[in-house]
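The values are calculated or read from the model by the stated rules, or taken from the named source; none is laboratory data. For clarity, every value in this text was computed on a predicted model and none was experimentally measured. Don't worry about glycine lacking a Cβ; one is built from the backbone with ideal geometry, like all the others, and counts go over all protein chains shown. Heavy atoms of the whole protein, side chains included, go into the accessibility calculation; ligands, DNA and RNA do not. Shrake-Rupley method; radii C 1.70, N 1.55, O 1.52, S 1.80 Å.
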Amino acid sequence: MSALQTVKFYQTGTFTVGNRLLAPEERSVQANMQRTNSLNSGHRACQGCGEALGARYAIDAAMNATNRQLIAANATGCLEVFSTPYPETSWQIPWIHSLFGNTAAVATGIAAAIKVKQQKGQGQDVRVVAQGGDGGTTDIGFGCLSGMFERNDDVLYICYDNGGYMNTGVQRSSATPSAARTATTMPIGPEPGNPFGQGKFVPAIAMAHEIPYVATATVADLRDLENKVTHAMSIRGARYIHILVPCPLGWGTASHDTIRMARLAKETGIFPVFEAEYGEVKSALAIRRPLPVEDYLKPQKRFAHLFGKNPAVDTIARIQAQADKNIRRYGLLAKEAS
Amino acid sequence: MLKQCEGSHAVAEAVALCRPEVICAYPISPQTHIVEGIGEMVKGGELKDCEFINVESEFAAMSVAIGSSATGARTYTATASQGLLYMVEAVYNASGLGLPIVMTVANRAIGAPINIWNDHSDSLSQRDCGWIQLFAETNQEALDLHIQAFKLAEEISLPVMVCMDGFILTHAYERVDMPTQEQVDAFLPPYEPRQVLDVNEPVSIGAMVGPEAFMEVRYLAHAKQMQALELIPQLAQEFKTVFGRDSGGLIRTYRTEDAETIVIAMGSVLGTIKDTVDEMREAGHKIGVLGITSFRPFPLVEVAAALKHCKRFVVLEKSLAVGIGGIVATNVRMAVTGMGLKGYTVVAGLGGRAITMKSLTGLFEKAGRDELDLVTFLDLDWKVVNKQLEREREKRRTGPAAEAMLRDIGAVAARNY
Ligand SMILES: Cc1ncc(C[n+]2csc(CCOP(=O)(O)OP(=O)(O)O)c2C)c(N)n1
Ligand code: SF4
Ligand SMILES: [Mg+2]
């Protein structure tokens, strides 16, 4: 017999693995007819909404991993608003929305209640996911998030990062990238757009809490996202997954470009995709073909002021430096490409 | 069982007897001893099947409570003053969602200037938040009200604040009759939630509601409080059957039968007022007392009935509606609309200022002669106030007012906790 031929994936040129080529148990949760459709169709998200896509994959994966024993707490924001214009709800799972900034704490409360009920022999082992946008996570919900991390409560917190307060009309958050135009960082004045030297990368801060699991993901690599959620649900304690979810409305991108934008964010090094355990990076998704940040910036209207007749070369270079730093810090360059 | 203990301890034990399942704690004086007490019981294994969570803020405390209550767990927390304000958004959310959380408010003033002592500004600032508010007069009543509070909250799916005077009650050692577990179990059945996050029956809780139904949802909250007006006296009656003593209810009257003047108040100051009234009765004054136990819902009918035969009422309250006068007084006036009574508002005891029998006697005598101003600030040091006002008239940069006034008084530095 000849040696096993290594499988090559040609069909898209994106290194995406087609389900057909995988063993059934390795296929994506979404490929399964039995998937839960936790976030069902009919919601009111914009066409091409990265957040809706990310949430659908993440929660279905968590449902799958927990044998459908899952409760979700949701922060105020696009995801909450577009999914529950009552009396309609897209959620097929027990779901609660309390406030904008308290979702991690609400999830802690749910987990505590489940624990007591189980001790009393009154309930199954149900798991908890908390979810919110970047504003609800990195800004207003940050205190509750840090508290939940620090206590190592048994909650998976998922942040859908679209780089701004989209639900209220695209204002700046602490996750808005440098130079980006938002309604509160207009492309005017001596430093157009969101100032450099501000903002924070919450996955790194989550790691500083030494929690069992921190991961980042994008909606460009949905299998990776599913795997991370699945892995997260196999662990007890505080876990954090930060998903980059392009927002056509806020970014000024075409609806059909959502996945392309997420992929470009990763392939330029703008958004590092990695996993960490107890504060240490364990793996990173390699950039196969490093691309200049212009490729990522150009299609987005929120960066339009950097281009045109007189491109803001210096600003673009500063963004490139940020990406390069990510590449160095998280070891993002694939061996074959370097 | 009779025992001599701190008010906070009595409440901690009472809460433990109610078999709480999730307790969230964040420290603030004068509430600390309560959650410390319960925490010890959980950690020592005395209070079983209970999660005790040390949270990072009061906002988180109420939020954890929201999550656990919505998951069907009997949930308790305690706070005061700045802590209550810090959790306000979640306080409204808990009542809006109809979650039967019980919370002790160890009543304390609100800053600035920061002040740890007792008045009712904190819970009264939340009078319209949708929670039921019960005020305890004694440590015994504080203890009893907590047991009633869980039952009340769970029967009508609304959260309940049990308000007890900070320090005056929380830190006072008094004799209390501590019920047995059997008694509490006989009175308080296990929690049966109306709504619960259940994987077998998934629901969405806390969805967005627009103009088409918002009014109705809000009205329902009001309707529930109106139901509570009936339920609170019923529970007090049931409580008496099981525990053998009067506790709770909507209002309580004292020597009001033939009273021409009725003094209205809430909380522990009722004790001092009753003593004063006893003395004045002996001196021939026709004076009585009306204690309000349930501030929310506000017992309009009962208050009106209690004041039916008097000539005047004096509302003595430990709160100030800045710009108008009294908070409790405004509510009482609503109750006596059209009754043609003379009514006086007395703001007293703010930030822990002592309310003495001597001052009260003078005050009530003046009221009896109808010589009281519409709004009186009891024992206000006018000299200090006027001096500051004058200073502000004379110069621009007068500096921080509170500090300047303290200097005028020449008080020893206030202790900070
Ligand atoms: C305490 C509070 N402040 C402000 C708001 C207004 N608000 C609602 S959603 C939202 C933006 C949400 O942004 P993000 O969390 O990033 O989620 P996105 O909509 O972008 O998905 C804001 C500011 C609120 N609901 N509550
Ligand atoms: S504004 Fe952005 S995040 Fe919100 S629904 Fe539209 S695409 Fe999704
Ligand atoms: Mg956002």
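Give the longest segment of chain A that steers clear of trypsin sites (Lys or Arg not before Pro) in DSSP loops with at most 14 neighbouring Cβ atoms within 10 Å, not counting the sites themselves.
Details: sites that count: A:8, A:44, A:120, A:200, A:236, A:288, A:309.
Of all site-free stretches, the longest is A:121-199.
Put a dot 7 Å past each Cα toward the Cβ at residue B:342 and residue B:238; how far apart are the dots in nm?
Here the answer is 4.4 nm between the modelled labels.
Using the structure shown, list the pairs from A:200/A:228; B:274/B:366; A:282/A:325; A:228/B:43 with a Cα-Cα distance above 27 Å, or answer none.
Among A:200/A:228; B:274/B:366; A:282/A:325; A:228/B:43, the Cα-Cα distance tops 27 Å for A:228/B:43.
Ordering A:249, B:124 by how much accessible area each has at a 1.4 Å probe, largest first, what is the list?
Working: A:249 110, B:124 0 Å².
Per-residue accessible area, sorted high to low, gives A:249, B:124.
Only bridges with both residues in chain A count here: give the DSSP antiparallel percent, nearest 5. Each step should come with its number before you reach the end.
Details: 9 of 35 bridges.
Here the antiparallel bridges make up roughly 25 percent for chain A.
If you wrap the protein assembly as shown's Cα atoms in a convex hull and average its projection over all directions, what's the area in nm²? Walk me through the numbers before you get to the answer.
On the way: hull surface 162.1 nm².
Average of the hull's projected areas for the protein assembly as shown equals 40.5 nm².
Nearest 5 is fine: what % of DSSP beta bridges in the protein assembly as shown come out antiparallel, could you say? Walk me through the numbers on the way to the answer.
Numbers: 21 of 89 bridges.
The antiparallel fraction comes to roughly 25 percent.
Return one number: the angle in degrees, 0 to 90 and rounded to the nearest 10, between the long axis of the Cα atoms of helix B:58-70 and the longest principal axis of the Cα atoms of chain B.
That helix lies at roughly 40 degrees to the long axis.
Take every Cα pair under 8 Å in chain B that's 6+ residues apart, average their separations, divide by the length, and report that relative contact order as a whole percent. Please report the intermediate quantities before stating the final value.
Numbers: 801 pairs, mean separation 61.8, N = 417.
About 15 percent, as a whole number.
What whole-number distance in Å separates the alpha-carbon centres of segment B:1-18 and segment A:125-177?
With segment B:1-18 and segment A:125-177 each reduced to a Cα centre, they are spaced 39 Å.
For residue A:115, go through the aspartates and glutamates and keep the ones whose alpha-carbon is under 16 Å away, minus same-chain ones fewer than eight residues off.
Within the straight-line limit of under 16 Å, residue A:115 reaches these aspartates and glutamates: A:125, A:153, A:154, B:21, B:49, B:51, B:198.
Just how far, in whole angstrom, is segment B:245-315 from segment A:263-290 if you go by their alpha carbon centroids?
Segment A:263-290 and segment B:245-315 have Cα centres separated by 70 Å.
Which residue, chosen from B:17, B:35, B:132, occupies the Cα position most advanced towards the positive end of the dipole of chain B, where the dipole is computed from +1 (Lys, Arg) and -1 (Asp, Glu) charges on Cβ about the Cα centre?
Selected residue: B:132.
Grab the Cα-Cα distance for residue A:68 and residue A:313, subtract it from 0.36 nm times how many residues apart they are, and report the gain in nm with one decimal. Display every interim value, and only then the final one.
Details: separation 245, 0.36 × 245 = 88.20 nm, distance 5.07 nm.
Contour length minus Cα-Cα distance gives 83.1 nm.
Looking at segment A:220-283, which chymotrypsin sites (Phe, Trp or Tyr not before Pro) are DSSP coil and have at most 16 other C-beta atoms within 10 Å of their C-beta?
Working: sites: A:240, A:251, A:274, A:278; in loops: A:278.
Passing sites in segment A:220-283 are A:278.
Determine, from the Cβ-Cβ distance of residue B:333 and residue B:358 and an R0 of 35 Å, the FRET efficiency 1/(1 + (r/R0)^6), rounded to the nearest 0.05. Working shown, then result.
Working: r = 28 Å, r/R0 = 0.80.
Efficiency for this residue pair is about 0.80.
Go through B:194, B:175, A:289 and list them by solvent-accessible area, largest first, probe radius 1.4 Å. Please report the intermediate quantities before stating the final value.
Working: B:194 190, B:175 160, A:289 140 Å².
The ranking, largest first, comes out as B:194, B:175, A:289.
If contacts are Cα pairs under 8 angstrom and at least 6 residues apart, what is the relative contact order of chain A in percent?
Working: 678 pairs, mean separation 50.5, N = 338.
Relative CO of chain A lands at 15 percent.
List the relative contact order of segment B:251-377 as a percent without decimals, with contacts defined as Cα pairs under 8 Å and 6+ residues apart.
Numbers: 214 pairs, mean separation 33.9, N = 127.
Answer for segment B:251-377 is 27 percent.
In chain B, which longest range has no GluC sites (Glu not before Pro) that are both DSSP loop (not H, G, I, E or B) and surrounded by at most 16 other Cβ atoms within 10 Å? Before the final figure, lay out the partial values.
Numbers: sites that count: B:46, B:212, B:257, B:260, B:371.
My reading of the result: B:47-211 is the longest stretch.
Between residue A:122 and residue A:231, take the C-beta separation as r, use R0 = 45 Å, and let me know the FRET efficiency to the nearest 0.05.
About 0.95, to the nearest 0.05.
If a/c stays under 1.5 just call it rounded; otherwise compare a/b with b/c (prolate if a/b is bigger, oblate if not). Do that for segment A:12-170, with a ≥ b ≥ c from the square roots of the Cα gyration tensor eigenvalues. The partial results should precede the final answer.
Details: a/c = 1.64, a/b = 1.14, b/c = 1.44.
In terms of gyration-tensor shape, oblate.
Here are some pairs, A:266/A:298; B:286/B:358; B:286/B:383; B:151/B:308; which of them have Cα atoms lying more than 22 Å apart in this structure? Mind dumping the intermediate values first?
Numbers: A:266/A:298 15 Å; B:286/B:358 18 Å; B:286/B:383 34 Å; B:151/B:308 32 Å.
Too far apart for the 22 Å limit: B:286/B:383; B:151/B:308.
Can you pull the accessible area of residue B:241 for me, 1.4 Å probe, Å² to the nearest 10?
Approximately 110 Å² of residue B:241 is accessible to the 1.4 Å probe.
What is the distance, in nm, between label points placed 7 Å from the Cα along the Cα-to-Cβ direction at residue B:128 and at residue B:200?
4.3
Shape of segment B:1-151 from its Cα gyration tensor (a ≥ b ≥ c, root eigenvalues): rounded if a/c is under 1.5, otherwise prolate when a/b > b/c, or oblate?
Values: a/c = 1.45, a/b = 1.12, b/c = 1.29.
Rounded.
Select from A:317, A:52, A:73 the residue whose mean-square fluctuation is largest in a Gaussian network model of chain A (Cα-Cα springs shorter than 10 Å).
In the Gaussian network model the winner is A:317.
Using unit Cβ charges (K, R positive; D, E negative) and no other charged atoms, how large, in debye to the nearest 20, is the dipole of segment B:2-243 about its Cα centre? List each step's numbers first, then the result.
Numbers: 13 positive and 31 negative charges, 36 e Å.
With only Lys, Arg, Asp and Glu charged at Cβ, the dipole is about 180 debye.
Would you list, by chain and number, the lysines whose Cα falls below 18 Å from the Cα of residue B:387, excluding same-chain residues fewer than 8 positions away?
Cα-Cα hits under 18 Å: B:395.
Can you give the average number of partner chain beta-carbon atoms within 10 Å of each beta-carbon in peptide B:46-56, as a whole number?
Values: counts 0, 0, 3, 8, 3, 9, 1, 8, 3, 8, 10.
Mean partner-chain Cβ count within 10 Å for B:46-56: 5.
What are the radius of gyration and Dmax of chain B, computed over its Cα atoms and given in Å?
Rg and Dmax of chain B, Cα atoms, are 21.9, 72 Å.
Shape call for segment B:251-377 from the C-alpha gyration tensor, a ≥ b ≥ c root eigenvalues: rounded (a/c under 1.5), prolate (a/b greater than b/c) or oblate?
Details: a/c = 1.32, a/b = 1.05, b/c = 1.25.
Rounded.
Going by alpha carbons, how many degrees (0 to 90, nearest 10) lie between the helix axis of B:7-17 and the longest principal axis of chain B?
20
Give me the distance in nm between label points sitting 7 Å out from Cα along the Cα-to-Cβ direction at residue A:171 and residue B:255, one decimal.
Roughly 5.8 nm, to one decimal.
So what's segment B:81-200 giving for Cα Rg divided by 2.2 N^0.38 Å, two decimals?
Working: Rg = 15.6 Å, N = 120, 2.2 N^0.38 = 13.6 Å.
So the Cα radius of gyration is 1.15 times the expected 2.2 N^0.38 Å.
Interface A/B, total buried accessible area with a 1.4 Å probe, nearest 100 Å²?
On the way: alone 15970 and 19520 Å², together 32540 Å².
Result for this pair: about 2900 Å² buried.
Could you compute the FRET efficiency for residue B:219 and residue A:186, with r as their C-beta to C-beta distance and R0 at 56 Å, rounded to 0.05?
0.85
Taking 0.36 nm per residue of sequence separation and subtracting the Cα-Cα distance, how much length would be gained by fully extending the chain between residue B:177 and residue B:227, in nm to one decimal? Spell out each step's value before the answer.
Working: separation 50, 0.36 × 50 = 18.00 nm, distance 2.96 nm.
Between residue B:177 and residue B:227, full extension yields an extra 15.0 nm.
Would you compute, from DSSP H runs of 4+ residues alone, the mean residue ellipticity of chain A at 222 nm, taking -39500 (n - 2.57) per run and dividing by the full residue count, rounded to the nearest 500? Intermediate values should be presented prior to the final figure.
Details: 10 runs with 103 residues, N = 338.
That comes out to -9000 deg cm²/dmol.
Let me spell out the model: positive unit charges on the Cβ of Lys and Arg, negative unit charges on the Cβ of Asp and Glu, origin at the Cα centre of chain A. What dipole size does that give, in debye rounded to 20? Don't skip to the end; give the middle numbers.
Values: 34 positive and 28 negative charges, 74 e Å.
That gives chain A a dipole magnitude of about 360 debye.
For chain B, take the longest principal axis of its alpha carbons; what is the angle in degrees between that and the long axis of helix B:357-368, to the nearest 10 within 0 to 90?
70
Mind checking segment B:365-398 for trypsin sites (Lys or Arg not before Pro) that DSSP puts in a loop (not H, G, I, E or B) and that have at most 10 other Cβ atoms within 10 Å?
Working: sites: B:366, B:369, B:383, B:387, B:391, B:393, B:395, B:396, B:397; in loops: B:369, B:395, B:396, B:397.
In loop regions of segment B:365-398 (DSSP not H, G, I, E or B), the sparsely surrounded trypsin sites (Lys or Arg not before Pro) are B:369, B:395, B:396, B:397.
Report the one residue of B:264, B:8, B:159 whose Cα lies farthest in the direction of the positive end of the charge dipole of chain B (charges on C-beta: Lys and Arg +1, Asp and Glu -1; origin at the Cα centre).
The listed residue farthest towards the positive side: B:264.
Quick one: putting +1 on the C-beta of Lys and Arg, -1 on the C-beta of Asp and Glu, what dipole do you get for segment B:251-377 around its Cα centre, in Debye to the nearest 20?
Computed charge dipole of segment B:251-377: roughly 240 debye.
What is the average number of partner chain Cβ atoms found within 10 Å of a Cβ in A:144-156?
Details: counts 7, 2, 2, 9, 4, 0, 2, 5, 0, 2, 0, 1, 0.
Mean partner shielding for this stretch: 3.
Please report, ordered by residue number, every helix of chain A (full DSSP H runs) that is 20 Å or longer along its axis going by C-alpha atoms and whose mean Kyte-Doolittle hydropathy reaches -1.0. Mind dumping the intermediate values first?
Details: long enough: A:50-65 (22 Å, 0.24); A:103-119 (24 Å, 0.68); A:313-330 (25 Å, -0.77).
Helices meeting the span and hydropathy rule in chain A are A:50-65, A:103-119, A:313-330.
Pick from A:132, A:42, A:193: which residue has the top mean-square fluctuation in a GNM of chain A where Cα pairs under 10 Å get a spring?
Most flexible of the set in this elastic network: A:42.
Rounded to whole Å and sorted largest first, list the principal axis extents of the Cα atoms in chain A.
Largest to smallest, the principal-axis extents are 68, 63, 39 Å.
What is the Cα centroid distance between segment B:165-194 and segment A:210-261, reported in whole angstrom?
48
Along the charge dipole of the protein assembly as shown, Cβ charges K/R +1 and D/E -1, which of B:64, B:76, A:38 sits furthest on the positive end?
Farthest along the dipole direction, towards plus: A:38.
Using a 10 Å cut-off around each Cβ of peptide A:86-94, what is the average number of partner chain Cβ atoms that fall inside?
Working: counts 9, 5, 2, 6, 1, 5, 2, 5, 12.
Mean shielding count: 5.
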